[in-house]
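Participant: The structure under discussion is supplied below as structure tokens; questions concerning it will follow.
Every number in this text was worked out from the coordinates using simple rules, so none of it is lab data. Computed from a prediction, not measured in an experiment: that's the story for all the values here. Here the Cβ positions follow ideal geometry from the backbone for every residue, glycine too, while neighbour counts run over all protein chains shown.
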Amino acid sequence: NTLVAVEAITPGMLIELHNDGTYGLCWGVHDSADQPAAKAVALDQIELNKLVSDAYSAGDLVKAGYFLSGERFWGLIPPGQNITQGDLLQSNGDGKLKAFSAGPGGFVACSSPGSVTVDTRIWVEVL
């Protein structure tokens, strides 16, 4: 990949292309809550001995994955959500996923973290 992060991005976040004055075409978090999200996700850099919790900084090359219907990834759920396996999910507008409320869903929870009090990783399937 030849595109850098325009901001801090944690693996598992939904990402989208941005056009920035400093970096040009680059990756940023999906920043439109309840709006359709491309199925692009920031991946961990295992080849660099980095953990899934090691965030990219602005200017870092981002390893991105595009997921198809039926594929799964480790997504991030923010505090304040109550998620059960099988729940529809959608973009929270900060790269994370939240319980479906209105508009396009696009994702389904594959595990049940229950009441989330801190950023929590769960298996997410793309619809």
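Participant: Amide H to amide H under 5 Å from K96: which residues, 5+ apart in sequence or cross-chain, H placed 1.01 Å off N in plane?
Facilitator: Residues meeting the amide H criterion: L14.
Participant: With no solvent and one point on each alpha carbon, what is the Debye value of log10 I(q)/I(0) for segment 69-112 at q = 0.22, 0.26, 0.29, 0.33 Å⁻¹?
Facilitator: -0.70, -0.99, -1.24, -1.51
Participant: How long are the semi-axes of the equivalent ellipsoid of the chain, defined as square roots of 5 times the Cα gyration tensor eigenvalues? Whole Å, largest first. Don't skip to the end; give the middle numbers.
Facilitator: Values: eigenvalues 111, 48, 33 Å².
Its equivalent ellipsoid spans semi-axes of 24, 16, 13 Å.
Participant: Let me ask you something else. Where in segment 15-32 does the label zone of Y66 land, with the point 7 angstrom along Cα→C-beta and an amide N cut-off under 16 Å?
Facilitator: Within reach of a label on Y66, which here means backbone N under 16 Å from a point 7 Å along Cα→Cβ, segment 15-32 contributes 15-18, 26-28.
Participant: I've got another one for you. Let me know the shape class of segment 2-62, please: from the alpha-carbon gyration tensor, a ≥ b ≥ c as square roots of the eigenvalues, rounded when a/c is under 1.5, otherwise prolate if a/b is greater than b/c, or oblate.
Facilitator: Details: a/c = 2.20, a/b = 1.24, b/c = 1.77.
Oblate, because a/c is 1.5 or more while a/b does not exceed b/c.
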